[in-house]
Amino acid sequence: MDPTQQGLQLFALWLLIFVRFAGFVVQAPIWGSHHFDKKILVASAAVWSCIVYPSMTVPNISFEPITYILMVALQLLVGLIIGYASFMIMSAAQFAGEMLDTQMGLSVAASYDPASGSSVNMMRRLKFYLAMTLFLIFDGHHKLLETVFRSFEVIPVTGLNYNGDLIHQLILMSSQIFYLGVQLASPAMAALFTTQIGLGMLARVAPQMNVFMLSFPLNIAIGLTVLGAALLLIINALHKLFDMNNDDILRVIKIMRILPKGG
């Protein structure tokens, strides 16, 4: 092979690896937040690409413009899918916090959150940062990076298997956001629901009392108290959910692998 052609093949391979990592950091926990400068994310993707690159077998890459652009787009899609799948538990934690904000009357107390780049309610931010901190404590970022590195052993840089099973798995994981969010918020939600029943009965017994004004500080006090008391249970639940999410990511990667012909 001509040395120039060989050099182009090597660079094209590195670029495909880099694009997958670039798509991953856009959606993944920690890296996908606005805390990191974009230059740092690009540099991280480039360094990871250089680490993976020596272990890759150089495939026969076509330099037809449309074909190569399609290959780049597919690798970007692979990275985005892995990053999206890895963010599910963070989304569930945010949804749990959003429900608590609504029930505790804190939905109007929003302030700027640098992680999302927009105004976010208090309990939603608390749940998100709790999940992010536990993700780092439980070494989730290293496990996630290892999973992405292993994806190159399963999914070639020249394409992916895009079928109905992948769509079904992503829809199933997305639907679990609401189910898991309710689980994470259930202790405080149950206490707040009981409080609302008690306030309703109090309003019937003593109509002259301003129950509406009493409910605001009472909901906040009970919600925070029960949330603090159930914090250990929430931490244990998040630990299990992170492990479960890692298995789901591996399942998504296996679905996207290209089986050999006749296999």
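The values are calculated or read from the model by the stated rules, or taken from the named source; none is laboratory data. Given the structure is predicted, the values throughout are model-derived calculations rather than measurements. Reconstructed Cβ throughout: ideal geometry from the backbone, glycine too, with neighbour counts over all protein chains shown.
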Legend entry - Single match in Leu80, Leu76, Leu41 (criterion: part of a helix (DSSP H, G or I), closer than 24 Å to Thr147 by Cα and without any contact (Cβ under 8 Å) to a residue 24 or more places away in the chain): Leu41
Inset, instruction - Answer yes or no as to whether Ile17 is outside any helix (DSSP H, G or I) and surrounded by 17 or more Cβ atoms within 10 Å (Cβ to Cβ). - result: no
Inset, instruction - Could you check Asp101 against (1) within 19 Å of the chain's Cα centre (by Cα); (2) under 30 Å from Val226 (Cα atoms); (3) buried (at least 22 other Cβ atoms within 10 Å of the Cβ) and say which number it fails? - result: (1)
Inset, instruction - Spot the failing condition for Thr67; the list is (1) assigned to a helix (DSSP H, G or I); (2) closer than 26 Å to Lys240 by Cβ, and only one is missed. - result: (2)
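For (1) part of a helix (DSSP H, G or I); (2) modelled with pLDDT under 85, each residue gets a yes or a no:
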{"residue": "Met201", "(1), (2)": "yes, no"}
{"residue": "Gln208", "(1), (2)": "no, yes"}
{"residue": "Met213", "(1), (2)": "yes, yes"}
{"residue": "Ile222", "(1), (2)": "yes, no"}
{"residue": "Ile234", "(1), (2)": "yes, no"}
{"residue": "His239", "(1), (2)": "yes, no"}
{"residue": "Phe242", "(1), (2)": "yes, no"}
{"residue": "Ile255", "(1), (2)": "yes, no"}
{"residue": "Gly262", "(1), (2)": "no, yes"}
Inset, instruction - Would you please name the residue that is surrounded by the fewest Cβ atoms within 10 Å (Cβ to Cβ), looking only at residues in segment 191-201 that are of a type in the set (A, V, I, L, M), touching a residue at least 12 places away in the same chain (Cβ under 8 Å) and over 12 Å from Met99 (Cα atoms)? - result: Leu199
Inset, instruction - Would you be able to tell me the number of residues in segment 22-58 that are over 16 Å from Phe87 (Cβ atoms) and among the aromatic types (Phe, Trp, Tyr)? - result: 2
Inset, instruction - Would you mind finding the one in Gly23, Gly32, Gly79, Gly83 that is closer than 27 Å to Asn245 by Cα, at pLDDT below 85 and buried (at least 16 other Cβ atoms within 10 Å of the Cβ)? - result: Gly32
Legend entry - Of all residues in segment 86-129 being among the hydroxyl-bearing types (Ser, Thr, Tyr) and in a loop (DSSP other than H, G, I, E, B), the one that is modelled with the highest pLDDT: Ser107
